[in-house]
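Before any comments, here is the structure.
Just so it is clear, none of the values below were taken in a lab; they were calculated from the coordinates. These figures come from a predicted structure and were not determined experimentally. Cβ placement follows ideal geometry from the backbone for every residue including glycine, while neighbour counts extend to all protein chains displayed.
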Number of protein chains: 2
Amino acid sequence: MPCDKSCPIEHTVNLIGHKWKVLILRNLFHQGTQRFGEIHKGIHGISQKMLTQQLRQLEADGILCRKVYPEVPPKVEYSLTALGESLKPILDEMNKWGIEHLKQRDVD
Amino acid sequence: MPCDKSCPIEHTVNLIGHKWKVLILRNLFHQGTQRFGEIHKGIHGISQKMLTQQLRQLEADGILCRKVYPEVPPKVEYSLTALGESLKPILDEMNKWGIEHLKQRDVD
DNA sequence: CTGCATCCGGTATGATACTG
DNA sequence: CAGTATCATACCGGATGCAG
């Protein structure tokens, strides 16, 4: 029933249903405003191209804000918008679940 | 800091950080135990192969249970395990966020 | 008839090198 | 430093085939 195109979960997934996007959000939630290189270092295994692509999509969806400083060397900062901040409860739940599940893993 | 390999969010993302997996979980949470064809119909745009692949991964990770009935015509049912059920709060938050955000969209 | 494995063509992704 | 361009590769979707 909620599986139409107006399904809330489907809508959410269309915006952040991608591994890298969640990890980008995690970084911004935890570190606040960050530069491109900072985010890149903080996410293990992502390529520059993929990071650029995902950042641009998140920006286009109004989840984060991209601020370019016209300097040399170039400096670009990314920060969460209000819409991005509103995703925090989801990230929190994922964090809580991960903690619980890692505890169980340790028991094994 | 939490960005090591033991980061809870990264762990969670590795298990369900995929668009189709979240939608599969949504279906099972909403409809309970379902057959392959039911899930396929319920998720718009997914191919049979992708559905099979994602279901197998979720099964391998212990999130859902696959039960084959040796009948003609064949029948395969998928249901959530206890581990899968424990993901519900995450789905709930995604649902809540989607509802809120769709409301804002309507205003536009 | 259902569930799913295989083959093939298009698309997305990763590694590297290069630019402003 | 923050990307872009290029190319090799891996992944994905669609059609087909097959077993039960």
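Take the Cα of residue A:35, step 7 Å toward its Cβ, do the same at residue B:50, and the gap between the two points is 3.8 nm.
Take residue B:44, move 7 Å from Cα toward the beta carbon, and the resulting point lies 3.9 nm from the same point in each other copy, nearest first.
For residue B:60, the distances from its label point to the matching points in the remaining copies are 3.1 nm, ordered from shortest, with each point set 7 Å beyond Cα toward Cβ.
Of all chain B residues, the one whose Cβ lies closest to the rotation axis that maps B onto A, given with that distance rounded to whole Å, is B:93, 2. Between the residues B:87, A:57, B:102, the greatest Cα displacement towards the positive end of the dipole of the protein assembly as shown, with unit charges on the Cβ of Lys, Arg, Asp and Glu, is found for A:57. With its label point defined 7 Å out from Cα along the Cα-to-Cβ axis, residue A:33 lies at 5.5 nm from the matching points of the other copies, in increasing order. For chain A, the equivalent ellipsoid derived from the alpha-carbon gyration tensor has semi-axes of 26, 20, 12 Å in decreasing order.
In terms of Cα atoms, the Rg and Dmax of the protein assembly as shown work out to 18.6, 70 Å. Springs join every pair of Cα atoms under 10 Å in this Gaussian network model of chain A, and among A:37, A:84, A:98 the largest mean-square fluctuation is at A:98. Using the rule -39500 (n - 2.57) for each DSSP H run of four or more residues, divided by the residues of chain A, the 222 nm mean residue ellipticity is -18500 deg cm²/dmol.
The charge dipole of chain A, taken about the Cα centre with unit charges on the Cβ atoms of Lys, Arg (+1) and Asp, Glu (-1), comes to about 360 debye, rounded to the nearest 20.
Averaged over its residues, how many other protein chain Cβ atoms are within 10 Å of peptide A:22-31's Cβ atoms? The mean count of partner-chain Cβ atoms within 10 Å per residue comes to 3. With the dipole of region A:8-107 worked out from charges on the C-beta (+1 for Lys and Arg, -1 for Asp and Glu) around the Cα centre, which of A:9, A:46, A:20 lies farthest toward the positive end? Going by the charge dipole, the pick is A:46.
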